[in-house]
Each structure stands twice: as structure tokens, then as C-alpha cells.
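K.L.:
Quick one: the structure is below, and I'll ask about it shortly.
The values are calculated or read from the model by the stated rules, or taken from the named source; none is laboratory data. Please read these numbers as outputs of a predicted model, since none were measured by experiment. Cβ placement follows ideal geometry from the backbone for every residue including glycine, while neighbour counts extend to all protein chains displayed.
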Amino acid sequence: MIRYHRSLEQRISPARRLSGEVLLPGDKSISHRYAMLSAIAEGRSKLNNYSGGADCQSTLACLRSLGIEWTKTGSTVEVQGCGLNGLQAPSETLDAGNSGSTIRMLSGILAAQPFQTRIGGDESLSKRPMGRIMTPLAEMGATIQATDGRYPPLEITGGPLRAIDYTLPVASAQVKSCILFAGLYADGTTTVRESIRTRDHTELALREFGADVITRKGIISVEGKPPLKGRELLVPGDLSSAAFYLVAAMIVPNSNVLLQAVGLNPTRAALVDFLVGVGAGIRIPKMEQLGGELVGSLDVKTGTIRGGLIEKELTAALIDEIPVLAVLGAISEEGLTVRDAAELRVKETDRIATVAENFRRMGVSMEETPDGFHIPGKQRFRAAKLDSFGDHRIAMAFSVAALAADGDCVIDNAEAASVSYPEFYDTLRAITQ
């Protein structure tokens with residue numbers, strides 16, 4: 001069970017079982033995209049189940065500073081769009097907070113504006129490299145200045161953009177989205193080529209708002225200057241957030257949890273495929289398509305987990321879920337090996353290092369490599385004082401590990417979970433027995 005202490009920590013006791021239904025917050029990735037496209041569409045948009053996470057609120061705050069009017073009632077956000085050319089120059093630096101999604105994707109829109117914008121964020125974001133978006137935006141005609149040539153804050157001098165044909169050097173849905181958003185303002189067709197398929201929420205959202213998007217294997221093209229129109233859309237439940245409950249139910253004995261209205265986009269559903277492949281007892285009793293996105297329910301029960309290997313395309317598909325999958329790997333029969341995940345070292349924290357440190361505190365062995373790790377299976381979690389290191393996914397992953405520990409654990413800086421999931425601890429407490 002979970003007992004509340006001061007806001008900076010959570011004390012978590014071992015759980016006997018998990019049981020109940022969970023309605024997840026709106027998908028963070030989709031919320032960002034819907035908000036940005038609503039802002040540059042004509043007319044009003046209504047976004048139901050918009051994420052309450054701090055990152056998505058940072059996107060809304062940046063849009064307001066750009067002259068966009070919006071209102072929020074519960075989890076519903078209504079946005080009055082201004083069209084492609086209606087944004088206003090901000091009076092101060094745009095604050096993306098801790099949100100890499102905000103700064104990377106919004107920069108694609110800012111690169112086309114007839115004014116200069118400065119956009120930055122918190123200390124963590126200021127250490128995250130932005131070269132991957134700066135290079136293609138410069139090719140399109142924008143001028144971008146950055147600290148040490150690559151770190152936020154960014155000073156973006158926008159203007160008319162050129163359409164480009166760009167091959168991503170590293171698979172990244174955020175970089176792809178940045179270029180496609182910039183391509184909305186360019187004359188002609190902007191094309192992005194990816195060798196590893198990344199999540200396609202941007203392509204689906206662009207179509208919903210009226211853009212002309214063509215996709216074929218590894219190639220995504222968007223026509224410039226489309227007549228975007230406001231929409232009413234439902235943001236599906238966040239599959240990345242579902243991962244924590246899925247793993248928790250799998251490692252706590254006698255558990256059965258039903259997750260409702262979860263986004264099951266095929267470019268994200270690799271998580272479910274992977275878990276089923278290693279032995280998870282997961283059923284999908286219901287599935288439908290809403291706003292171009294697949295949405296369904298997930299019924300998960302405790303089971304024996306074999307362990308496995310995450311590499312190549314699978315690593316790109318599961319990059320956000322790897323911290324909690326590491327927890328699963330430690331108690332699996334055969335352990336877990338992760339390769340091709342160097343990107344984890346430049347997230348909100350070096351997630352390979354922070355996972356290893358918390359495992360060390362819990363008496364769990366893990367071998368680090370430059371781009372991944374190996375965790376032997378059949379290990380047990382000891383009670384320990386753990387730390388999120390200010391990273392929301394580390395906070396939640398090790399809250400799940402604590403449920404299977406041999407005694408109480410304390411998570412320092414647990415409030416980091418609010419970046420993506422403010423209700424996480426309340427929801428976890430509600431299904432913990």
C-alpha cells in the first residue's frame with residue numbers, strides 16, 4: 001500500500017495484490033500534437049481527455065504566450081485556432097518547462113513565423129541537445145542560435161521556409177514531427193525518411209485536421225499550406241502510463257487489473273506485443289477506432305515472465321517504457337538485455353545510470369553498456385531509499401518495483417511523476433491491496 005508523507009517523497013509498502021479498473025489520463029504525445037495543431041487551425045477545437053501532466057500544460061502555456069486563447073474544464077481543453085499565419089510574437093521567453101516534446105515540436109512551427117522567438121525550459125531541459133531539430137530547420141531556412149551551439153534556450157528567427165527531403169540520422173518521432181510541422185508552412189512537399197518506424201501520431205493528427213499527408217514505407221510527406229480546420233477529438237488513454245500498471249500487475253501475485261480506453265496505435269502497441277511475447281497474461285476485450293487512433297481495453301493478470309531482448313527497431317518503439325521494463329526484467333526467469341538505446345542517456349536523466357543506481361540500492365545487479373544494459377533474472381527487490389532524480393519515468397518505475405520489495409521503500413523526489421501523470425500515486429493506491 002502507499003502512505004502519503006511530505007510532497008517530496010512517497011513511502012510504498014509491499015502489495016498483496018492489485019485489483020480494479022483504471023481510467024488513464026490522456027496520452028501525452030497525442031495531447032501535445034492536438035494542442036499545437038488546434039492552435040494553427042481555423043476555428044475552434046475541443047480536446048477531450050487532454051493530459052493533465054505538466055509537460056502538456058507547458059505546451060498550452062506556450063501557445064497562450066503566442067496569442068492563442070484556450071479554456072480548460074476538467075480534462076477538456078477548448079482551443080480557438082488562429083490559422084497558419086495568426087500566431088503573435090511572444091513578449092518573453094517561451095517556457096517549455098521539462099518538456100522535450102514541447103520545445104522540439106513547437107520549434108517547427110516557430111521556424112516559420114515572421115518574428116523572433118526565444119524558447120527554453122528548466123535546468124534538465126537545458127542540458128538536452130537540440131542539434132537534431134536545428135539541422136533540418138536550418139536547411140529549411142530558419143536561423144537558430146543555441147547555448148554552446150546545441151542546448152536550450154533556442155533563439156529562432158523564422159521566416160519563409162523551403163520544402164526539404166530529409167533523412168533522419170536517428171529515429172525520433174519528435175524530430176520527424178518538428179520537420180512535418182515546419183513543412184506545413186513551406187511551398188511544395190516536405191518529406192521525412194526514417195529507417196526505423198517511429199510512432200505516427202503526427203501523421204494521423206495532421207490528417208484529422210485536414211492536411212494532405214502521404215505515407216509509404218519509411219517515407220512521410222506533407223503538402224505545404226493546407227487549410228487546417230478545428231476538430232473535436234478524444235485523446236486516448238496513455239499507453240506509456242499503462243505500462244506501469246501492466247508491469248505492476250504482472251509482478252505482484254494474484255493481481256488482475258483492467259485498463260480502460262487505452263490508445264493502441266500500432267506504432268506504440270509494440271509494448272503489448274513485447275509483454276505478451278515474454279509471457280504476460282493480457283487480453284484486449286474491446287477495440288475501436290477514434291479520430292484515426294485505435295483505442296481498446298487491456299485486461300492483465302499476474303503470470304510467469306520469461307524475459308527477453310530489446311534491440312534495433314524494438315528499442316526505438318519501447319524507448320519510453322524501458323525503465324519499467326527493466327523492473328520486469330529483474331524478476332523474470334531469464335532476465336532482460338537492452339541494446340541500441342543510447343538515447344536513454346540524454347532523456348530527463350541518464351536513464352541507464354539512474355535505473356542502475358536505484359537497482360544497486362535495492363540489491364539488484366545490472367551490467368551497463370554505452371547503449372544499454374543486461375539485467376539477470378530471478379532477482380528480488382530489497383527495501384531501500386530510492387530517488388527519481390527528477391525524472392517522472394524513474395519515479396513511477398521504481399514505485400512499481402517497491403510494490404514487490406521485501407519491505408517499505410521511500411521514493412525521494414516522487415513529485416516528478418506529475419510531469420506526465422499527476423494522479424499516478426492516487427490511482428496506484430486505489431488498486432493496491
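K.L.:
Residues that are under 21 Å from Gly158 (Cβ atoms) and in the same structural domain as Ile164 (by TED's automatic domain parsing): which strands (runs of 3 or more DSSP E) entirely in the stretch 19-117 hold 1 or more of them? Walk me through it before giving the result.
P.N.:
Numbers: elements: 19-23, 42-48, 69-73, 76-82.
It comes to 42-48, 76-82.
K.L.:
Quick one: is Gln145 in a loop (DSSP other than H, G, I, E, B), outside the structural domain of His392 (by TED's automatic domain parsing) and farther than 15 Å from Gly100 by Cα?
P.N.:
Against the criterion (in a loop (DSSP other than H, G, I, E, B), outside the structural domain of His392 (by TED's automatic domain parsing) and farther than 15 Å from Gly100 by Cα), Gln145 does not qualify.
K.L.:
Does Glu368 fit the bill of being assigned by TED's automatic domain parsing to the domain that holds Thr267, in contact with an Asp or Glu (Cβ under 8 Å, 6 or more places away or on another chain) and either at pLDDT below 95 or not aliphatic (A, V, I, L, M) (or both)?
P.N.:
no
K.L.:
So if I check each of Met287, Met250, which one is in a strand (DSSP E or B) and either without any contact (Cβ under 8 Å) to a residue 24 or more places away in the chain or within 21 Å of Ser19 (Cα to Cα) (or both)? Show your work before the answer.
P.N.:
Values: Met250 fails: in a strand (DSSP E or B).
Met287 is the lone residue from the list that is in a strand (DSSP E or B) and either without any contact (Cβ under 8 Å) to a residue 24 or more places away in the chain or within 21 Å of Ser19 (Cα to Cα) (or both).
K.L.:
Here's something else I'd like to know. In the stretch 179-200, what residues are touching a helix residue (DSSP H, G or I) at 6+ places or on another chain (Cβ under 6 Å) and not in a strand (DSSP E or B)?
P.N.:
Start the filter on the stretch 179-200 by keeping residues that are touching a helix residue (DSSP H, G or I) at 6+ places or on another chain (Cβ under 6 Å), which leaves 179-182, 190, 192, 196, 198-199.
Hits for the stretch 179-200 are Ile179, Leu180, Phe181, Ala182, Ile196, Thr198, Arg199.
K.L.:
Would you pick out the residues in the stretch 233-275 that are under 30 Å from Ala186 (Cβ atoms), touching a Lys or Arg at 6+ places or on another chain (Cβ under 8 Å) and either not charged (D, E, K, R) or not assigned by TED's automatic domain parsing to the domain that holds Ile331 (or both)?
P.N.:
Matches in the stretch 233-275: Leu233, Asn265, Thr267.
K.L.:
Looking only at the stretch 201-229, count every residue that is assigned to a loop (DSSP other than H, G, I, E, B) and surrounded by fewer than 20 Cβ atoms within 10 Å (Cβ to Cβ) and tell me the total.
P.N.:
Initially, the stretch 201-229 is screened for residues assigned to a loop (DSSP other than H, G, I, E, B), giving 209-212, 217-218, 224-228.
Next, only the ones that are surrounded by fewer than 20 Cβ atoms within 10 Å (Cβ to Cβ) stay: 210, 212, 217-218, 225-227.
Total meeting the criteria: 7.
K.L.:
Select from the stretch 392-424 the residues that are within 24 Å of Ser75 (Cβ to Cβ) and assigned to a loop (DSSP other than H, G, I, E, B) and write down the one among them that is farthest from the chain's Cα centre (by Cα).
P.N.:
Residue satisfying both the conditions and the ranking: Glu423.
K.L.:
Looking only at the stretch 236-246, decide whether some residue is part of a loop (DSSP other than H, G, I, E, B) and either closer than 17 Å to Ala330 by Cα or not acidic (Asp, Glu) (or both). Lay out the reasoning, then the answer.
P.N.:
Residues of the stretch 236-246 that are part of a loop (DSSP other than H, G, I, E, B), as a first pass: 236, 238.
Then drop every residue that is not either closer than 17 Å to Ala330 by Cα or not acidic (Asp, Glu) (or both), which leaves 236.
Yes.
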